[in-house]
1. Please name all residue pairs, on different chains or six or more residues apart, with Cβ atoms under 6 Å, provided the first residue is in segment A:14-40 and is within 22 Å of residue A:56 (Cα to Cα) and the second residue is within 10 Å of DNA strand C (Cβ to nearest atom) and outside any helix (DSSP H, G or I).
2. From the list B:228, B:304, B:314, exactly one residue is out of contact with any helix residue (DSSP H, G or I) (no Cβ under 8 Å at 6 or more places or on another chain), on the phi < 0 side of the Ramachandran plot, in a helix (DSSP H, G or I) and modelled with pLDDT under 95. Which is it?
3. Let me confirm something: among B:85, B:113, which residue is crowded, with 22+ Cβ neighbours inside 10 Å and either within 30 Å of residue B:211 (Cβ to Cβ) or within 11 Å of chain A (Cβ to nearest Cβ) (or both)?
4. Among what's in segment A:16-42 and is more than 12 Å from DNA strand C (Cβ to nearest atom), open to solvent by 60 Å² or more (accessible area, probe 1.4 Å) and not acidic (Asp, Glu), pick the residue that is farthest from residue A:3 (Cα to Cα).
5. Specify the residue that is nearest to the other protein chains (Cβ to nearest Cβ); the eligible residues are those in segment A:205-264 that are of a type in the set (S, T, N, Q) and open to solvent by 50 Å² or more (accessible area, probe 1.4 Å).
6. If I ask for residues that are within 7 Å of DNA strand D (Cβ to nearest atom) and not small (Gly, Ala, Ser), which ones from segment A:1-32 would you list?
7. Hey, can you tell me all the residues within segment B:173-198 that are free of Cβ contacts under 8 Å to residues at least 40 places away in the same chain and more than 17 Å from residue B:243 (Cβ to Cβ)?
8. From the list A:143, A:129, A:122, which residue is closer than 24 Å to residue A:78 by Cβ, open to solvent by 30 Å² or more (accessible area, probe 1.4 Å) and of a type outside the set (Val, Ile, Thr)?
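The values are calculated or read from the model by the stated rules, or taken from the named source; none is laboratory data. Computed from a predicted structure; not experimentally measured. Quick reminder, even Gly has a Cβ in these numbers, built from the backbone with ideal geometry, and neighbours come from all protein chains shown. Protein only, heavy atoms only, side chains kept; ligands, DNA and RNA dropped before computing areas. Shrake-Rupley method; radii C 1.70, N 1.55, O 1.52, S 1.80 Å.
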2 protein chains.
Amino acid sequence: MVTIGDVAQAAGVSRSTASYALSGKRTISAEVRQRVNDAVRRLGYTPNAGARALATSQTMVIGLLAQFLEDEFAPAMLQYMLGVSDTARELDYDILLVTEADGARALSRITDSRMVDGIVLLNVAQDDLRLPILRAAPQPGALIGLPGDCTGLDVFDLDFEEAGRMMIEHMYALGHRELILVSQPEHVVERGGAYVWRLQDAALQQAERREIRLHAVFGESRQPAIGQTLHALLDAHPAATGLLLNNEAAAAALPSVLHTRGLAVPHDLSVIGRYSDEFARTFSLPYSSIESAPDRLGRMAVRQLVRRIESTEQGEEPYVVRFISPELIDRGSTGAPGPAS
Amino acid sequence: MVTIGDVAQAAGVSRSTASYALSGKRTISAEVRQRVNDAVRRLGYTPNAGARALATSQTMVIGLLAQFLEDEFAPAMLQYMLGVSDTARELDYDILLVTEADGARALSRITDSRMVDGIVLLNVAQDDLRLPILRAAPQPGALIGLPGDCTGLDVFDLDFEEAGRMMIEHMYALGHRELILVSQPEHVVERGGAYVWRLQDAALQQAERREIRLHAVFGESRQPAIGQTLHALLDAHPAATGLLLNNEAAAAALPSVLHTRGLAVPHDLSVIGRYSDEFARTFSLPYSSIESAPDRLGRMAVRQLVRRIESTEQGEEPYVVRFISPELIDRGSTGAPGPAS
DNA sequence: CTGAAAGCGCTTACAG
DNA sequence: CTGAAAGCGCTTACAG
């Protein structure tokens, strides 16, 4: 392989001069710089990443920890991953993707061995076992998802409480007084998926304040189970005039459920979901929804992470916990309460 | 950070002895091995990946190049990625995920800089610009997807020709004589997505052999366009008694289309798709389908790649082009031709 | 069975 | 403005 020594030799300079000419970290005469650049091009030189990492203690790689759990909706995860990956590349970082079931172990492995300069954690749980490891690691970490304890980490998430309130307020303003909220599976809650109860609790509170009857249930993450659940719910609550969905699989299943029941949106039933616009487009979901903005969250997390990586780790800037304000994308699926189903 | 020097010192041996004790590459007295292991545990030592890579020319990282194109169905890509990632970890490799639009450039970057020991390419096109770069790279490469020229690379793919014939034969045996085949968007073809025409051409040939009328069209990859296309096709070919889908988005859209038209499967229409069982489960697609086996393909590609990485690169074993035989998973969506729609 | 030394390919003080 | 040298943390011939 061609090394910087070869480049130096070809350019007739020392290795250090060649290195400085390439990094621009000290002033180099235009002529020498030219000779070095020519040699680089002629020889096809690219610095060896391992050697550079060893010398600089910087790998220019970010670790991305994602878990694909049976009871979560995989296509939604992908959006976050792509947001992280795209932003990382813009900032000149590569992505080490880790999908192991044992996330804590995997995290130790890649931080201890210095494979990465920083970490982005997905599927963050309330009491996430990976957090103590991440806090103890020499690399900074950014989370997408709010854990119980944010100490020592930068955290980014959708404001699920506000999302829950917003769903209720929107329906309330239109005149709805009885609603159904379908959340993710209870397994997700048991595993510490705080976003489930953050939205649900806030929605329940707001409903109480507005004297709305809100039937809140956990739904499955798979077809056909979730479709059957939706049917059962509509059967059980014939007076409900609106449906709130914090569950991607439910949203994907709904068109066929409504079709079967001969219900039109928003005439017979108003619907608000919570998912990304990309998701809505892929499945052509015609429901107004709270944008979950996975790309924006990925971008924010990586930007902050890189800032922290590159800030000369001296005066530790305070850690941030940043919530994205939910936005309701209107797709025309809500209106005045129709005939109860 | 704790280095092997610290371990050696704590164990009262030389660095080389510590290294050998850990690698097991030469015989070490039980007692010394014990002391070294204790020191490792006590100090919490993990080898520095960059240093090891520099010394051994092995990174234990595999590059995974995936492209998320507007006109391909992203959730399907994810399955391949997870198959690759899981198998890599089993074999002790990590995954560098590269999703850049400019795949050729990205490939040069990670191979030239020796960030990876090998490469897995996804979304392989007939005349893929990344292939010449990969062939010239010092690392071996494995493809998931068949290009026009397989020279110097290991290639894994579903046997799409056989899949096309199998679809036709299955329908023929049941008595069908007029069918519709919906493939991926024409853009995919123009970009060199050979699997599209491999299946389609084989199906057309086989149909001719069997004197079946086969209406073959390209369909969109998004809703609602693909749904409308399906409606238009069923309108245009009222005598067709079966539908063949080499298009994930079409499969996802079909339930609602059939519902609208009041068609029952297989009574009114027989259907065969081509997608993964995982995909079928996520969307509860009730159609018999040719399993695309993304996990199996990912596994095969990584296994072969690692074998090649670790074979002491001497006597170059011959490169392989391996096709998975299609399997039709029966979900009961085919039967004798019903009343033409 | 073990140690001292060289080397992997970079970067960056230290000198001039 | 440039060079000689040290060092990052490993592994692995070379010697004993």
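1. As it stands, the answer is A:20/A:26, since those pairs meet every condition given.
2. On the way: B:304 fails: modelled with pLDDT under 95; B:314 fails: in a helix (DSSP H, G or I).
None of the other options fit; the residue is B:228.
3. B:85
4. A:30
5. So in segment A:205-264, the residues of a type in the set (S, T, N, Q) come out as A:205-206, A:221, A:223, A:228-229, A:241, A:246-247, A:256, A:260.
Cutting the leftovers down to open to solvent by 50 Å² or more (accessible area, probe 1.4 Å) gives us A:205, A:228, A:256, A:260.
Working: A:205: 33, A:228: 10, A:256: 5, A:260: 7 Å.
Only one residue fits best here, namely A:256.
6. Once the filter is applied, which keeps residues that are within 7 Å of DNA strand D (Cβ to nearest atom) and not small (Gly, Ala, Ser), segment A:1-32 yields A:13, A:15, A:17, A:20, A:26, A:27, A:28, A:31, A:32.
7. Once the filter is applied, which keeps residues that are free of Cβ contacts under 8 Å to residues at least 40 places away in the same chain and more than 17 Å from residue B:243 (Cβ to Cβ), segment B:173-198 yields B:186, B:189, B:190, B:197.
8. Numbers: A:143 fails: open to solvent by 30 Å² or more (accessible area, probe 1.4 Å); A:122 fails: open to solvent by 30 Å² or more (accessible area, probe 1.4 Å).
That would be A:129, the only listed residue that is closer than 24 Å to residue A:78 by Cβ, open to solvent by 30 Å² or more (accessible area, probe 1.4 Å) and of a type outside the set (Val, Ile, Thr).
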